[in-house]
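The values are calculated or read from the model by the stated rules, or taken from the named source; none is laboratory data. Small disclaimer: the values here were computed from a predicted structure and weren't measured. Note that each Cβ is placed from the backbone with ideal geometry, even for glycine, and that neighbours are counted across all protein chains shown.
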């Protein structure tokens, strides 16, 4: 926030609503959309062969039960990834193919401040903390469901916070 600009938003503090005005981070834009299916080849046929997205990388993690191709549309700081994923084992969790729209990734200018602030405000995160994601950026995930301790969530959608590199921060700020 610059030049005295203030952002006002509301948070729930137990049973009372409390007004606050300091958010120490900024969501800059969409970084990725992740789509899952049982057969990544079918996803590749649609996204690469039919729609023409460019394949820029792959990622495989037994721990996260994912075999993923990283696709891109657009250029530079305005590029958006479409990650097509299939589970390594359909019977294990996490089930990256359920739901089909697996998660949405958002660029953030300071992931550490974002996680700290959102946690204090009652946002629930998935286990694993901040870690390197498939594209090499620091990431963490907001849990799709709240609980008693952390009541705030995105009401069913898994949201990934992605640390934006300097060129993206400059272009999108």
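Residues being outside any loop (DSSP other than H, G, I, E, B) and surrounded by 12 or more Cβ atoms within 10 Å (Cβ to Cβ): count how many of those fall in the range 153-169.
The total comes to 8.
Within the range 78-91, track down each residue that is under 18 Å from residue 160 (Cα atoms) and surrounded by fewer than 17 Cβ atoms within 10 Å (Cβ to Cβ).
Those that are under 18 Å from residue 160 (Cα atoms) and surrounded by fewer than 17 Cβ atoms within 10 Å (Cβ to Cβ): 78, 79, 80.
Is it the case that some residue within the range 99-107 is farther than 16 Å from residue 30 by Cα and either surrounded by fewer than 17 Cβ atoms within 10 Å (Cβ to Cβ) or touching a strand residue (DSSP E or B) at 6+ places or on another chain (Cβ under 7 Å) (or both)?
Yes.
Would you confirm whether or not the range 95-105 contains a residue that is modelled with pLDDT under 95, part of a strand (DSSP E or B) and farther than 26 Å from residue 169 by Cβ?
Yes, the range 95-105 has at least one match.
Given the condition free of Cβ contacts under 8 Å to residues at least 24 places away in the same chain and either within 15 Å of the chain's Cα centre (by Cα) or surrounded by 17 or more Cβ atoms within 10 Å (Cβ to Cβ) (or both), answer yes or no: does some residue in the range 59-68 qualify?
no
Report yes if some residue within the range 5-20 is modelled with pLDDT of 95 or more and either surrounded by 13 or more Cβ atoms within 10 Å (Cβ to Cβ) or farther than 25 Å from residue 166 by Cα (or both); otherwise report no.
no
Considering every residue within the range 119-131, establish whether at least one is surrounded by fewer than 17 Cβ atoms within 10 Å (Cβ to Cβ), in contact with a strand residue (DSSP E or B) (Cβ under 9 Å, 6 or more places away or on another chain) and not in a loop (DSSP other than H, G, I, E, B).
Yes: one or more hits.
Restricting to the range 132-152, what's the tally of residues that are at pLDDT 95 or above, over 15 Å from residue 68 (Cβ atoms) and outside any loop (DSSP other than H, G, I, E, B)?
Within the range 132-152, residues that are at pLDDT 95 or above, over 15 Å from residue 68 (Cβ atoms) and outside any loop (DSSP other than H, G, I, E, B) number 3.
Quick one: which of 141, 150 is buried (at least 16 other Cβ atoms within 10 Å of the Cβ), touching a strand residue (DSSP E or B) at 6+ places or on another chain (Cβ under 8 Å) and closer than 20 Å to residue 29 by Cβ?
141
Go through the range 49-85 and count every residue that is outside any loop (DSSP other than H, G, I, E, B) and either at pLDDT 95 or above or touching a strand residue (DSSP E or B) at 6+ places or on another chain (Cβ under 6 Å) (or both).
Qualifying residue count, the range 49-85: 22.
What is the one condition in (1) outside any strand (DSSP E or B); (2) more than 19 Å from residue 59 (Cα to Cα); (3) in contact with a strand residue (DSSP E or B) (Cβ under 9 Å, 6 or more places away or on another chain) that residue 116 does not satisfy?
Result: residue 116 fails condition (3) only.
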